[in-house]
Structures are given as C-alpha cells and as structure tokens.
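The values are calculated or read from the model by the stated rules, or taken from the named source; none is laboratory data. In this text the structure is predicted, and so the values were computed from the model without any measurement. Neighbour counts run over all protein chains shown; Cβ positions are idealised from the backbone, glycine included. These accessible areas exclude ligands, DNA and RNA; they are computed on the full protein's heavy atoms, side chains included. Shrake-Rupley method; radii C 1.70, N 1.55, O 1.52, S 1.80 Å.
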Amino acid sequence: MTATVGALFEKAARDLAADRDAAEARRDAQVLLGFALGVSRAWLTAHMDQAADSEAAAKFQSLVTLRANGHPVAYLIGVKEFFGLTLRVTPDVLIPRPETEELVEAALERLPQGESRKVVDLGTGSGCIAIAIARERPAAQVTAVDTSSPALALARENAAALDVVVEFLQSDWFAALGGRRFDLIVANPPYVAADDPHLRQGDLRFEPRAALAAGTDGLADLRRIAGTAPKYLHPGGWLLLEHGFDQAEACRDLLHNTGFAELVFRADIAGLPRIAGGRLLTPDSPSR
C-alpha cells in the first residue's frame, strides 16, 4: 500500500527525533520531504492525506537515513538561505549560518548606499558574504578570495544565479591582492581550535575542516588577518571579523595591537559576542 504524505512525514519526524530536538526533527523532515516531492511546505500542509509517489518516497527515505546519520540538511538538498538569498552549497564549503548575517549587517552599516567603496571578503566559501554585500550595495566594488578552486567555482555560480557582480580570485588570504587597498575587509575565517571536540559532532563532522580549524587555540588565522590587514586598507578603512563566542577579548587585543581604533563588537542572534572590528587610524598609514 502506498504511504500518504502525512504518514511519511510523521515516521521521519519520529526517526529523526531519536538524536535531536523534536521541533528540529519535524522541521528537518518537512524540508527533506518537500525536497523529495518537489513541492513547497505550504503544499505539504495542505496535502498530508495524499498518496506519495513511490519513487519520491524512496528518495525521501534515503535522505532521512542520511540525516539520521548526521549529514547536514543543507548538503542533502544542496541549498541554504542566507540574508534573504538562496545559495547553492556543497561539502566543499561551509554552510552559511545565521550569525554570519551579523557580519553582513556590520559591513553594510559602513558602506553608504550609492558610493563606490572597495570591499574584499577573505575566505569567501559559498560567496554568501560577498554576494549579500554586493546585492545590497551595488555601487560597491566587491572582491572575494578563497584558496579552494571548488569553493570559488561554487561562489561564481551563486553570484551568476543571483545576477550579482563580484570579482573572485584564488588567494591565500591577501597573497594574490598585490598592492591593492580597500575601504572594508570582511572575513569569517576558521576560528575553532584544532582539538575542539565539537569538530567531531553534528554538522561540523561533514564540513571542510580547513574552513573550521585554526591552530591550537583557534586564533591562528585571526592573528594573520589582523596583522596583515593594515597593509591592504586605506586610512580610515574598516576590518570586520567573525570569531568564536569566547574570543571577543582576544580579538580586541589583536585589533588594538595592530593599529585599529574605534573598536566595535556585535553579538549574534543568541546574544553571544560574534563580530569584532576596528578602523585603521594609525598615523603611519599610507596615503589614499
């Protein structure tokens, strides 16, 4: 007998609830079922009594099994919403997270609408930060860099799909930028300690380790970026960094010790410190 849409959903929600919060399990089941059937969540709600296509039902069961084994929903369906945009994601890139939207908000506050400011996004991954900034500030000249060729290919695809202009370069942080200078540098670098047990838990097990871990204390890349950024900023330019919830003080010291002033800090949606930034005001900064 062919199962109904509702029966498939309820069984999947029960199976997934074994290892996660019941509300999260139902949300995951709904997203995966809609993907397998090729329908919206609203359609699901209105058609729970309808018989499910057997091929789609089999696909759904496979997806639920993968999710139960820990595979992230975003990788299973291949897309993730970020700052009102739908982006394609693969295991080659980190999954965009809500807290990173705060980094975009902080950047937009420092980019006047209609003005041609130069911005660089370091370690762009899926392109989420650079694309969101370019979408909201079309007059800005946005560059995005990453060391990963597959990540850059995906970021370019996302920018093209959203009809957003971003320059993408393969670069180890600043290495390929030559003598260029910017008005704003943004980065969501790796900031997890290499031996952090969270790297072996949940979605993080399936995300690229190189985009997550940064040395024994998680600060290796933050140090490198903060120490090098002044050479690539115009005087008065801003550096904005996403960091771990317990790294705000360390980032404050890094920014202060490398010539940044007017330091700013921003919490994520959970109220945890997540964004640190500063303005380059050192007297020996090169002229614009």
Where does the charge balance sit around Gly215 when Lys and Arg score +1, Asp and Glu -1, over other residues with C-beta under 13 Å from its C-beta? -1
Leaving out ligands and nucleic acids, and using a 1.4 Å probe, what accessible area per residue does region 163-288 come to in Å²? 48
So how far, in whole Å, is the C-alpha centre of region 192-213 from the one of region 125-190? 23
With r as the distance between the Cβ atoms of Ala18 and Glu105 and R0 = 41 Å, compute the FRET efficiency 1/(1 + (r/R0)^6) and round to 0.05. 0.65
Under unit Cβ charges (Lys, Arg +1; Asp, Glu -1), what dipole magnitude, rounded to 20 debye, does region 161-240 have relative to its Cα centre? 260
For the chain, the spread of Cα positions along each principal axis, largest first, Å: 77, 40, 32
Taking amide hydrogens as modeled 1.01 Å from N in the peptide plane, which residues meet the under 5 Å criterion relative to Val264, leaving out close sequence neighbours? Gly277, Gly278
Accessible area of region 162-257 with a 1.4 Å probe: how many percent of it is carbon plus sulfur? 52
Where a ≥ b ≥ c are the square roots of the eigenvalues of the C-alpha gyration tensor, would you call region 128-184 rounded, which needs a/c under 1.5, or, failing that, prolate if a/b is larger than b/c, or oblate? oblate
Of all DSSP beta bridges with both partners in the chain, the antiparallel percent, nearest 5, is 45
Kirkwood Rh and Cα Rg combined as Rg over Rh, evaluated for region 140-276: 0.96
Of all the accessible heavy-atom surface of region 1-150, with the other protein chains kept in place and a 1.4 Å probe, what percent is carbon and sulfur? 49
Pick out which of Arg41, Arg135, Arg266 has the largest mean-square fluctuation in a Gaussian network model of the chain, springs linking Cα atoms closer than 10 Å. Arg41
Residue-normalised value, i.e. accessible area per residue, for region 54-125 at 1.4 Å probe, in Å², stands at 42
Within the set Gly244, Gly84, Gly127, GNM on the chain using Cα springs under 10 Å gives the largest fluctuation to Gly84
Go from 0 up to the bin containing the longest alpha carbon distance in region 20-127, width 10 Å each, and give me the % of pairs per bin. 12, 35, 28, 15, 8, 1
